[in-house]
Structures are given as C-alpha cells and as structure tokens.
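What follows is calculated from the coordinates using simple rules that are stated; it is not laboratory data. Nothing here was measured: the structure is a model prediction, and the numbers come from that model. Please note: Cβ atoms are built from the backbone with ideal geometry, for glycine as well, and neighbour counts cover all protein chains shown.
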C-alpha cells in the first residue's frame, strides 16, 4: 500500500486547516452558501434531504485495517453507527454535522484518508480494479498509476473548476472490473507489439440521462507520457466543454458535439504543443510509487491445500460460498475473498461500525492487514491463505457478512435513492431489499447464476442502471414512484448500454417484473449460458412477451 | 467618463499581498482616449482600432473572456501591458487555462489580471496559473486573500510560477524550478 511521506502529510494537514477556515467563514457569514457550496463539495460534503452527507475517498479502493478502524470510529462518533460503501469505492456517512467536519477531517488525515475531490466539478477519486495486484494475468498493478493520478489531480491549479465532474478509472488485466468504458477517462493497461507497457485511452463515457460508452482515443499511449496526455484532454475539455447547461456539461457531450475525430485532433494538437512541458512524472517518482505496490512476502504453499479441499467437501454451505465469493489468487495457496455487503433484505453497501471493525480484525489476522472496496459495493480481503478460508467464512458468518451471493441476483447495486438523496425521484433501497427477499433462496440464486441488477433512484444513474444486466430506474410519475426496466447493460470489457424493455412498473410490480425476466431467461437459456449471454443471443423479444404478453 | 480600473463599480485591484494602486483606465467602446493614458479596452475595440490605440495611449490593455481565441490575440501580445480575463461566474474554470496558456505557450510576461466573481479561496490557483493581479468587489476579503495564498506551501503540480513540485523535492532537486521565472 502507498504510505504518505512528509509532503503528502503536509498537503493533507493544510487541506484540513483550509477547510476549517472555510467552515468558520461560512458559519460567520463571510462566505455565502453559493460561494461555500463548491468548496464543501470538493471536500466531499453534500447537503442532503435530512442532514449533511460526507463522502470519504478510498483511493483506488485500497484500505488498510487501520484505516477501516478509523472509518468505524467515524461512524460511531460522528454518525449513527454505520457507513455506506459506494459504487465509486468511497464511503458515505449520512448524518453529519457541519461544525464537526473539520475535526472529523483532521482525524481522517492521521490515517491518510480524506474527502478531497469526492464531489464537485473536478477530477474525482480515481478508481481501479478491486483485484489489483492479486489477480493473474495483470500487465501491471493499476494502483501504481492510480496513485500518480491521485497526486497529479489533487488541487490541480488549472483543472479544479471543470464544467462538470470528471471520473477516471484504471484497469490492468484483460478482464475489466473497473468499468473503464463508463468513465470520463478510462485507462486500460496494455502492451504494444514491442512489449512496452502503456495505455489504451478511452474518453467520454458516462451514465446520467445520456448514457454513452467511451470513445477509444488512443490504442497505445506510452506509459511515461500519461500525465501530459491527461492534461491535454482536460485542457480541451476545460476550455470548450459546455458550461451553460449542467445536463450537457460532461465531456461525453463535447466528444459528441465535436465528433470523435475532431475531438481527438484537438487533443493531439494540444498534446503536441505541451507534451514536453515537464508535466510527466519523473521516472524516479514512478519507481518510488511502484515500490509501495510490490507484492507482499507470500508464504510458499504447496497446493492443493488438503484442509481447504476437505472443508469444501464436508460443508456444502462453505463450498457454495467458495464458488461465488472466492477468486483464484495469482499466488499458489492463496485466495481473494469477496465479502458481500448484500445480506438478504439489507441495504446494499451498508456496514456498521462493529462490522467494519470485525473486517479490520479479519484483515489483520488473515489478509496482511489489507482490504479493498469494490464498485459493486462489496469489500475484498485480497491475500487470504486457502487454509484460512474456512475460519474467515465462519468469522464473517458471525457478523452477517458470509452471504454466498457475490455476482448473483441478490448482489444488487443501489444508490441511496429518495431515502437520503435530494436529487432522487424514487426510493432505491426498498426495491433492492424486496428483490433480495424474493430471491432469498440461495439454491435458486446459484441456479440462476451470474446476474447483475443495478438500481438508480433518478436519471443521474448513481446506481449504474445503464450498466446492469437488469437495470432499474426510479422515476416520478404524477407523484407516484415508478420503475423502468432496462435489459442487456454491462460494465466489463464487453460494455453495453441497457435497453428500455417497455412500459414501467409500480413499486409493487417491479419485483414481479424482475422475476418474470429471470423466469424467461431460465426457460430459454442454453447449458452454462449466463443471463447476459442469453440476452445478447435472443434479444428483448422473449422478455417482452413474458412481461407484457404477446404483442399484436 | 473613463475611470481608473480600481474605482469602477467600487472595485479595487489587488495582488497576492493586498490592494495596490493602479493607473489603468477602463474605456467603454465609444470613449475617446486621453493622450498619454493607460487604457483598458475590449478585445473588439482592440481589433478594430489597434493602430490608433497604440499610437495615442501610453499603454494598452485588453479585457477578454474565458472563451477568448488566443490565436487572434497573439499578434497584439508584444504591445499589451495588461490582459484582464473575466470570470463569467464564480465556477468559470476557463480563465485558469487561458492564464497558463498565455504564460507558458505565448510567453506573455506583463500584467495578467482576473476580474469577476471569484473568491479569495481561488487566488492561489490563479497565481499558480500565471495571474498576478485581481480586480474584485468591495466585499472581497483581504484577510481571506492573505490566508488563502498561504494555505498551501507544497504542491504536486508545477505551476506557471515554476514552483518546485513535490516529485522534484523528493528527488532533492529543490532548485530545479526556480531558475526560469
């Protein structure tokens, strides 16, 4: 894991002092709410329906056990005893008092955490594959460049007042677990024909009311030149992105309006003029950062591990959990554990202070004190010995986190929705809870197989419904909560936008509708065919028929 | 009537340390130039009347917006004593890019000023993008300005002021950035 040096600590402390001063000036009336608003947003502080909400960055989804303990402490002391892990690998607290935020921030800074740029029209917390560094077949650990991007984008003098928010994601393996094509900039680490490491660069992806998959602007960008290329993209966007209409201000609209070819021409022209201006990271600095992400000292373990294999045979529930929540680790004898924060009937992504502390303890005992946050709103223990998996599973069971549903129908992404959010049109959480309860039977879930349901409570799409195999969008229809259903979206390397299947459903009807879609899939699937594969093979017609009857 | 910039609408001009006196007069497009005056004009007027302006005035400055076409401005740069970039609204981020480009790509070296609804908390970023003076309303807090300018002592990025970046300091190259102002 990256560890702050004196410079990083200085920046963190100065940020806390600056925000303390800004809060004081707001309370004294020296700053108007209009002036204060962008400042607090760039510190992650939102004013929601009932209280302030604070979003804390988990840079590229990596947390230490000590940081997790601090997050638990924050939940207990400053909030109501729980926090909510988000689709951007962050954590949110929903019941925050403005005057306490500076002290809270100061506490966070002691463990190298912050709320910097988790909101506002700036470069947001960079996200990365939650299996970074531990998955086989990775060209390079994407957290190295993510940390470089974190530093470069922190309080950038030129790009802190962009037309709109700006999200960057990085993935380092062939399989894309970071949804890079859905980001303003997506970086896919690749090798060119000569074996050099660089990036395929995607620009202009985004969800919201106009879902757009990113345009590949470069098949290969040499690694050393990344930051100057990012600056060229951001400069074109900062100068020419629309500022007159919040709904047309994302870079995806600029790419669309200029046309991809003209956009690329402008970026390349800007880059040619500025690529040698000293923006790129010195090679020594890249080496310094990379050192923090070198693999830990794993034990040499002979495989198969007999105790683990025996436990799987002896305990069906354990074997079921292994089949969904445990991924192969690149090191023999180790495993990657997904801790599902999706208990049946629970709130997706929520964790209590006690649960966070228990996860921190498990990480210390079994995962080299490291934890990841995934954009699917789950946690990950990245370095677990196979021999310890049974103990980890049992311990997780004690805190309600042994749900064997990672990647299954009840592993639902949902935004906070109308229960918390001032932008929402409809509630998301209760819909997620009712779907989860409907499919509570674990054998049935495993029979259905890999399936991603994603729920957003408004068109802003924080629940990523466009990228859901089954997407649900809450809308307000004459004062009633109503839900539209989309099918066929995906966020991985085969990214696609879900298509609206037909008229929407009432709050009561949406769960039945989801069940009908799944029943239709079970009827038509071929052996070993996942939902998304089946949908891509047969198209929407059979699902429409099941939902709305035969069209005449 | 032409009026000193630092009195227009009770605005005043500041640098990073606080208010400064300033001899520039902002001219409406139909106001005549007082011979020997330092005049600030619109870009349109500069384009239309540059010969007369440069002949009559002691110094000429221009006010542009964040959407300025810098290639159009470039021919005038060697003779301009002041460029004012207007924030259309507080969150207008374009002036930051305009400042950096004027300094780094077009090598403009004289007075570069921001005007508009920016707040003291943005000044440090403006300084790092090459601005050196600021025209602000009467409510603009000088205390907050001084506080904001001193808020950070180190940064990850190289600004126009050629600050040494953190990466350079880590390499022990503290003097790297300071030679070329």
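So for segment B:61-181, averaging the separation of alpha carbon pairs under 8 Å that are six or more residues apart and normalising by length, what relative contact order in percent results?
Values: 176 pairs, mean separation 23.1, N = 121.
In percent, rounded to a whole number, it is 19.
Can you pull the one-decimal nm distance between simple spin-label points at residue A:258 and residue A:494, each 7 Å off the Cα toward Cβ?
3.3
Let me know the mean shielding of B:86-95 by other chains, meaning the per-residue number of their Cβ atoms within 10 Å of its Cβ.
Mean partner shielding for this stretch: 5.
Cut-off 15 Å, label point 7 angstrom out along Cα-to-Cβ of residue B:171: give me the residues of segment A:208-245 whose amide nitrogen falls inside.
A:224-228
For A:95, A:271, what's the fewest-to-most ordering of other Cβ within 10 Å of each Cβ?
In order of increasing Cβ crowding within 10 Å: A:95, A:271.
Given Cα pairs under 8 Å that are at least 6 residues apart, what percent is the relative contact order of chain A?
Contact order relative to length: 13 percent.
Which residue fluctuates the most in chain B, going by a Gaussian network model with Cα springs under 10 Å, if the choices are B:26, B:16, B:158?
It is B:158.
Just report the Cα centroid separation between segment B:36-58 and segment A:532-552, whole Å.
70
Of the DSSP beta bridges with both residues in the protein assembly as shown, give the percent that are antiparallel, rounding to the nearest 5.
Here the antiparallel bridges make up roughly 65 percent for the protein assembly as shown.
Grab the beta carbon distance between residue B:47 and residue A:220, set R0 = 45 Å, and tell me the FRET efficiency rounded to 0.05.
Once the sixth-power term is evaluated, E becomes 0.55.
If the viscosity is 1.002 mPa s and the temperature 20 °C, what translational diffusion coefficient in µm²/s does Stokes-Einstein give for segment A:6-109 when Rh comes from Kirkwood over Cα pairs? Intermediate values should be presented prior to the final figure.
Values: Rh = 14.3 Å.
Rounded, D is 150 µm²/s.
Highest mean first, what order results for B:76-86, A:440-450 on Cβ atoms within 10 Å?
On the way: B:76-86: 18.7, A:440-450: 15.2.
Highest mean packing first, the order is B:76-86, A:440-450.
Averaged across A:8-19, how many Cβ atoms of other chains sit within 10 Å of each residue's Cβ atom? Can you show the working numbers first?
Values: counts 3, 0, 4, 6, 0, 0, 6, 2, 0, 3, 7, 1.
Mean number of neighbouring Cβ atoms from other chains: 3.
Can you give the Rg and Dmax of segment A:71-154 based on its C-alpha atoms, in angstrom?
Values for segment A:71-154 (Cα only, Rg and Dmax): 15.0, 48 Å.
Fewest first, what order do A:174, B:56 take by the number of other Cβ atoms within 10 Å? Present the calculation step by step, with values, prior to reporting the outcome.
Values: A:174 12, B:56 16.
Exposure proxy ranking, most exposed first: A:174, B:56.
What does the convex hull of the Cα atoms of segment B:3-150 come to per residue, in Å³, rounded to a whole number?
On the way: hull volume 14.8 nm³, N = 148.
Dividing the Cα hull volume of segment B:3-150 by its residues yields 100 Å³.
Would you mind ranking A:368, A:381 by Cβ crowding within 10 Å, fewest neighbours first?
Ordered by Cβ neighbours within 10 Å, fewest first: A:368, A:381.
Please report the equivalent ellipsoid semi-axes of segment A:135-290, computed as sqrt(5 x eigenvalue) of the Cα gyration tensor, largest first, in whole Å.
Gyration-tensor ellipsoid for segment A:135-290: 24, 18, 15 Å.
I'd like the Kirkwood hydrodynamic radius of the protein assembly as shown, using the inverse of the mean 1/r over distinct C-alpha pairs, in Å. Can you show the working numbers first?
Values: mean 1/r = 0.0364 Å⁻¹.
With all distinct Cα pairs of the protein assembly as shown included, I get 27.4 Å.
What is the calculated FRET efficiency for residue A:444 to residue A:6, with r their C-beta to C-beta distance and R₀ = 56 Å, to the nearest 0.05?
0.50
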